[in-house]
């Protein structure tokens, strides 16, 4: 994926600083940038991570966004509390320019390493850097916010990846549901399933196959925890099935098999990934014929493309919220949360 060249117009960094100092230095850099480039920001993007390594990964992904979403980016490294380590903030600030449509466009990047009590009040940390009149989007690459997290009060939207959250599945589903009731949520795990959902829906197009959609007997969904529950919940609600008719199984790759009986004929409709090849195989097999198979190449899933797509989402994703509700219904039927 070719990216336009990014030029750094100025930078500053220091340890044990106040937010006022960081604001002042950012203002100084902005005065220089006005001489070299037009400042354009479509949003304030706040990424919250828990380590320097995660910050480096987030910074690379944001850099790869290129000119798609010029923004002020704030990466907050909320360091864990450690005995004997005093509270404080270390900061680094950059002003970058990128060529777009024949002119240089500026965007700003701030990294704050936050130690101590301030990490529990990140809304106060973010507030001085939020640009007026543009959305503030919070991106949590590997976590979900704690209940009552004040940062969520400052956000207009939030981007998460439920597949990356290393917690018990039921807790992830419950916390994702709570979050989606408060804010529009773009879940990268759900977005990665879009091609599977589209292909499965397409299997029922046409007069021969459409009647089977109203006669589904059983659904089998395999995959990692988050994807299989989201897909299972989506099918549960869309097909109006009782939980007992949706069977979930762990697997390395996603697969969905829908069994139906229409007019005395059994039909199987499947979408799956086989092995490590980046291909999705679909099959319709109707008792007595026909049998139709197709293999397509999976879409590219660069992290920066996924984040870029998430940043374009505005408002609540009703299909995702419906899938979450169905997923929790499946968990409850299993005796989970």
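Along its three principal axes, how long is region 118-184 when you only count alpha carbons? Whole Å, largest extent first please.
37, 24, 18
Just the Kirkwood number for region 192-297, please: inverse of mean 1/r across all distinct Cα pairs, in Å, one decimal. Present the calculation step by step, with values, prior to reporting the outcome.
Numbers: mean 1/r = 0.0720 Å⁻¹.
Value: 13.9 Å, from the Cα pair sum.
Give, in nm to one decimal, the length gained when the segment between residue 205 and residue 285 is fully stretched (0.36 nm per residue of separation minus the Cα-Cα distance). Don't skip to the end; give the middle numbers.
Values: separation 80, 0.36 × 80 = 28.80 nm, distance 1.40 nm.
Length gained, residue 205 through residue 285: 27.4 nm.
Most fluctuating residue of 297, 73, 178 in a GNM of the chain with Cα springs under 10 Å: which is it?
Maximum among the listed residues: 297.
What percentages make up the Cα-Cα pair-distance distribution of region 79-199 when the bins are 5 Å wide from 0?
So the P(r) values, bin by bin, are 2, 9, 15, 17, 18, 16, 12, 7, 3, 1, 0, 0.
Can you give the FRET efficiency for residue 11 and residue 334, using 1/(1 + (r/R0)^6), R0 = 56 Å, r = Cβ-Cβ distance, to the nearest 0.05?
Values: r = 52 Å, r/R0 = 0.93.
The formula returns an efficiency of 0.60 here.
Using every Cα-Cα pair within region 6-155, state what percent have a distance larger than 19 Å. Numbers along the way, then the final one.
Details: 5782 of 11175 pairs.
Cα-Cα pairs of region 6-155 separated by over 19 Å account for 52 percent.
Taking the Cβ-Cβ separation of residue 302 and residue 217 as r and a Förster radius of 30 Å, what is the calculated FRET efficiency to the nearest 0.05? Intermediate values should be presented prior to the final figure.
Working: r = 39 Å, r/R0 = 1.29.
Once rounded, the FRET efficiency stands at 0.20.
Taking the mean number of other Cβ atoms within 10 Å as a proxy for protection, how do you rank 135-145, 120-130, 7-17 from highest to lowest? Spell out each step's value before the answer.
On the way: 135-145: 21.2, 120-130: 16.8, 7-17: 14.3.
Ranking, from highest mean packing down: 135-145, 120-130, 7-17.
Along its three principal axes, how long is the chain when you only count alpha carbons? Whole Å, largest extent first please.
75, 50, 35
In deg cm²/dmol and to the nearest 500, what is the mean residue ellipticity at 222 nm of the chain if only DSSP H runs of at least 4 residues count, each as -39500 (n - 2.57), divided by the residue total?
Numbers: 11 runs with 108 residues, N = 337.
Estimated from H runs of four or more residues: -9500 deg cm²/dmol.
Of all beta bridges DSSP finds with both residues in the chain, what is the antiparallel percent, to the nearest 5?
Working: 48 of 79 bridges.
Antiparallel bridges make up about 60 percent of those DSSP assigns within the chain.
Tell me, how many Å apart are the Cα centres for region 172-242 and for region 138-159?
24 Å
Springs between alpha-carbon pairs under 10 angstrom, Gaussian network model over the chain: which of 327, 266, 310 fluctuates most?
In the Gaussian network model the winner is 266.
What angle, in degrees between 0 and 90 and rounded to the nearest 10, separates the Cα long axis of helix 19-33 from the longest principal axis of the Cα atoms of the chain?
Long axis of 19-33 versus the principal axis of the chain: about 90 degrees.
Give the Debye-formula value of log10 I(q)/I(0) at each listed q (0.21, 0.23 Å⁻¹), with one equal scatterer per alpha carbon of region 247-288, two decimals each.
The computed values of log10 I(q)/I(0) come out as -0.72, -0.80.
Between residue 120 and residue 21, 0.36 nm times their residue separation minus their Cα-Cα distance comes to what? Could you put the intermediate results ahead of the total?
Details: separation 99, 0.36 × 99 = 35.64 nm, distance 2.07 nm.
Result: 33.6 nm gained on full extension.
How large are Rg and Dmax for region 246-337 when calculated on the C-alpha trace, in angstrom?
So, for region 246-337, Rg and Dmax equal 17.2, 48 Å respectively.
Using a Förster distance of 51 Å, how high is the FRET efficiency between residue 82 and residue 194, based on the Cβ-Cβ distance and rounded to 0.05?
Working: r = 41 Å, r/R0 = 0.80.
That pair, residue 82 with residue 194, gives E of 0.80.
With a 10 Å radius around each residue's Cβ, average the other Cβ atoms per peptide and rank 287-295, 206-214, 44-52, highest first. Intermediate results must be reported in sequence, preceding the final value.
Working: 287-295: 10.2, 206-214: 13.9, 44-52: 21.3.
Result, highest mean Cβ count within 10 Å first: 44-52, 206-214, 287-295.
Where is the GNM fluctuation largest for the chain (alpha-carbon springs, 10 angstrom cutoff): 94, 302, 196?
The residue that fluctuates most here is 302.
Values quoted throughout were computed directly from the atomic coordinates according to the rules given, and no laboratory measurement underlies them. Since the structure is predicted, the reported quantities are computational estimates derived from the model, not experimental observations. Here Cβ is always computed from backbone atoms with ideal geometry, including for glycine, and neighbour counts include all displayed protein chains.
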